[in-house]
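Engineer: Before we start, here is the structure in question, set down as structure tokens.
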Amino acid sequence: MKSIFYLLPLWLLLFACTNDQVGINEADEQIPEGMGAVRLEIKSPTEFDIPTIMTRAVHHFDMDPTTFPLRIYEKGNDGSLTLVKAFDSYEALVDNGLPLQLPVGTYQIVASSFVPAEGEEVTDKVYFEGKSEFIVEEKRVSNVSVNCKYASLAVELRLSEQFQQLLETDPLNYAFEMDVYNGVADAVWSFCQQKIDGQETETKLDTGYFLKGCTSDQGKLIVKVRVRLGSSNKWYPERTYYFDNNGSVPQIGEYYVIYLDAGPEAQAAAVKTALVGNYKMEELK
């Protein structure tokens, strides 16, 4: 009997986005009436230790915070935000001239590794973001520091060596498709590897980065898997799984790793649930 073993262990690294303290450090009589100024500093870490089952891996995101786009919003008395300044990067802001002069008021600055497109909910690029609120006082210069941190809900797929070898040596008879859904409309991330019409191999194994936490009715990520196994060239029925963070709803700042493995040669397919630590994958019956 052929068995397919889907091992979906959950390992998380939690990151929070913090606001640095804003300091008022000096007066400047050269600033016009009704105006103040700010000096801005953008920071971002570049490495994270993410624990896996056998080893500890370091993720190198190769981020340069000086290239991050910046948006500055004025905050109204009702809490509303109105965009007043935008820069393609911190470098562009510096070229524009620092300190940056603004009318007296309360503001929020947002720096991010990229600006998501309207309606974009999931991407193949890791997302970093930082926010700081600050007050512009008349004829004074404020120091504002924004610390950009990991702000995605990531899903990474890792294939077992055994299954990867089957996909490479016999691609016409072995294939898979996997969709991950976090409950947000149209936010589906797909993994696949298969041979189409016996010619070109379609492969999509990039990590997906959701820009919002899980909002599904079940409060869990929804994973749908379809596999093709053996010489019959048969696609087995799709199976659906739900998983979360040990009973908690998956959120921004978490990193999930899905392990996909294939069992011994046989004539049918079966799916087993796996218990890893305190986490249990649940199959939709």
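The values are calculated or read from the model by the stated rules, or taken from the named source; none is laboratory data. Since the model is a prediction, treat every value here as computed from it, not as a measurement. Quick reminder, even Gly has a Cβ in these numbers, built from the backbone with ideal geometry, and neighbours come from all protein chains shown.
Engineer: Against the condition within 22 Å of the chain's Cα centre (by Cα), closer than 16 Å to SER145 by Cα, of a type in the set (Val, Ile, Thr) and assigned to a strand (DSSP E or B), how does ILE109 come out, does it pass?
Structural biologist: yes
Engineer: Here is a further query. Assess whether PRO250 counts as being surrounded by fewer than 15 Cβ atoms within 10 Å (Cβ to Cβ), at pLDDT 75 or above and either of a type in the set (Lys, Arg) or assigned to a loop (DSSP other than H, G, I, E, B) (or both).
Structural biologist: Details: surrounded by fewer than 15 Cβ atoms within 10 Å (Cβ to Cβ): no; at pLDDT 75 or above: yes; either of a type in the set (Lys, Arg) or assigned to a loop (DSSP other than H, G, I, E, B) (or both): yes.
When the stated conditions are applied, PRO250 does not pass them.
Engineer: Go through (1) out of contact with any Lys or Arg (no Cβ under 6 Å at 6 or more places or on another chain); (2) modelled with pLDDT of 80 or more; (3) buried (at least 16 other Cβ atoms within 10 Å of the Cβ) and name the single condition ASP206 misses.
Structural biologist: (3)
Engineer: Inspect the range 263-271 for any residue being out of contact with any Lys or Arg (no Cβ under 8 Å at 6 or more places or on another chain), assigned by TED's automatic domain parsing to the domain that holds ASN173 and at pLDDT below 85 and give the result as yes or no.
Structural biologist: Kept after step one, since they are out of contact with any Lys or Arg (no Cβ under 8 Å at 6 or more places or on another chain), are these residues of the range 263-271: none.
No, that holds for no residue.
Engineer: Now for a different question. In this structure, is VAL126 assigned by TED's automatic domain parsing to the domain that holds THR66, part of a loop (DSSP other than H, G, I, E, B) and hydrophobic (A, V, I, L, M, F, W, C)? Can you show your working first?
Structural biologist: Values: assigned by TED's automatic domain parsing to the domain that holds THR66: yes; part of a loop (DSSP other than H, G, I, E, B): yes; hydrophobic (A, V, I, L, M, F, W, C): yes.
Considered against the rule, which asks whether it is assigned by TED's automatic domain parsing to the domain that holds THR66, part of a loop (DSSP other than H, G, I, E, B) and hydrophobic (A, V, I, L, M, F, W, C), VAL126 comes out as yes.
Engineer: Does VAL141 qualify as being under 27 Å from ASP217 (Cα atoms), among the hydrophobic types (A, V, I, L, M, F, W, C) and in a strand (DSSP E or B)?
Structural biologist: Working: under 27 Å from ASP217 (Cα atoms): no; among the hydrophobic types (A, V, I, L, M, F, W, C): yes; in a strand (DSSP E or B): yes.
No.
Engineer: Right, another one. One residue is enough: does the range 161-176 have a residue meeting the conditions in contact with an Asp or Glu (Cβ under 8 Å, 6 or more places away or on another chain), surrounded by fewer than 18 Cβ atoms within 10 Å (Cβ to Cβ) and in contact (Cβ under 8 Å) with a residue 12 or more places away in the chain?
Structural biologist: Yes: the range 161-176 contains one or more residues that are in contact with an Asp or Glu (Cβ under 8 Å, 6 or more places away or on another chain), surrounded by fewer than 18 Cβ atoms within 10 Å (Cβ to Cβ) and in contact (Cβ under 8 Å) with a residue 12 or more places away in the chain.
Engineer: If you don't mind, another one. Got a number for residues in the range 196-252 being within 21 Å of the chain's Cα centre (by Cα) and free of Cβ contacts under 8 Å to residues at least 12 places away in the same chain?
Structural biologist: 3
Engineer: Also: Looking at LYS131, LYS149, which one is under 30 Å from TYR256 (Cβ atoms), modelled with pLDDT under 90, within 26 Å of the chain's Cα centre (by Cα) and not hydrophobic (A, V, I, L, M, F, W, C)?
Structural biologist: After applying the criteria, what remains is LYS149.
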